[in-house]
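Everything below concerns the one structure shown next.
Each value in this text was obtained by applying a stated rule to the coordinates, not by laboratory testing. Please read these numbers as outputs of a predicted model, since none were measured by experiment. Cβ placement follows ideal geometry from the backbone for every residue including glycine, while neighbour counts extend to all protein chains displayed.
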Amino acid sequence: MDIYERKQFEEERDLLFNLSIDMQCVMEFNGYFKRLNKAWEDTLAYRRSHLLSKPFLHFIHPDGRQSSQEFFHKLLEGES
């Protein structure tokens, strides 16, 4: 893949990511969001800057944090 093809691929990927009505994200291994599309702001009414400043568990109801954390660790270990 040459540089032009790669750039075109990245632009198409970003367009799909940003225009999706579904909430999409890229997350770090430490549980912080790295990238969020606009659907997060539209759905949750939080600014992306606020969502990016806290680990995802901060936004989970306390009753669901344990199971969410366990699921996240399984994903990190390659399980689903």
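Among Met1, Met23, which comes first, second and so on when ranked by fewest other beta-carbon atoms within 10 Å?
Working: Met1 8, Met23 14.
Result, fewest neighbours first: Met1, Met23.
On a straight-distance basis, which aspartates and glutamates could pair with Lys74 in a cross-link, Cα separation under 15 angstrom, same-chain partners fewer than 8 positions away excluded?
Glu28
If we count every other residue with Cβ under 11 angstrom of Asn37's Cβ, Lys/Arg +1 and Asp/Glu -1, where does the sum land? Walk me through the intermediate numbers first.
On the way: positive: Arg35, Lys38, Arg48; negative: Asp14, Asp22, Glu41, Asp42.
Here the count lands on -1.
Among rounded, prolate and oblate, which fits segment 3-76 when a ≥ b ≥ c are the square roots of the eigenvalues of its C-alpha gyration tensor, a/c under 1.5 means rounded, and a/b larger than b/c means prolate?
Values: a/c = 2.62, a/b = 1.69, b/c = 1.54.
The shape class here is prolate.
Report, in degrees rounded to the nearest 10, the 0 to 90 angle that the Cα long axis of helix 3-19 makes with the longest principal axis of the chain.
For 3-19 against the chain, the angle is about 40 degrees.
Angle check, please: helix 62-76 long axis (alpha carbons) against the longest principal axis of the chain (alpha carbons), in degrees 0 to 90, nearest 10.
Helix 62-76 and the main axis of the chain meet at about 50 degrees.
Can you give the net charge of the other residues whose Cβ lies under 12 Å from the Cβ of Glu5, counting K and R as +1 and D and E as -1? Let's see the in-between values first.
Working: positive: Arg6, Lys7; negative: Asp2, Glu10, Glu11, Glu12.
Around Glu5, the surrounding residues sum to -2.
Taking amide H positions as placed 1.01 Å from N in the peptide plane, with prolines and chain starts having none, which residues 5 or more places from Met27, or on another chain, fall under 5 Å of its amide H?
Those qualifying (amide H under 5 Å, at least 5 residues apart or on another chain) are Lys34.
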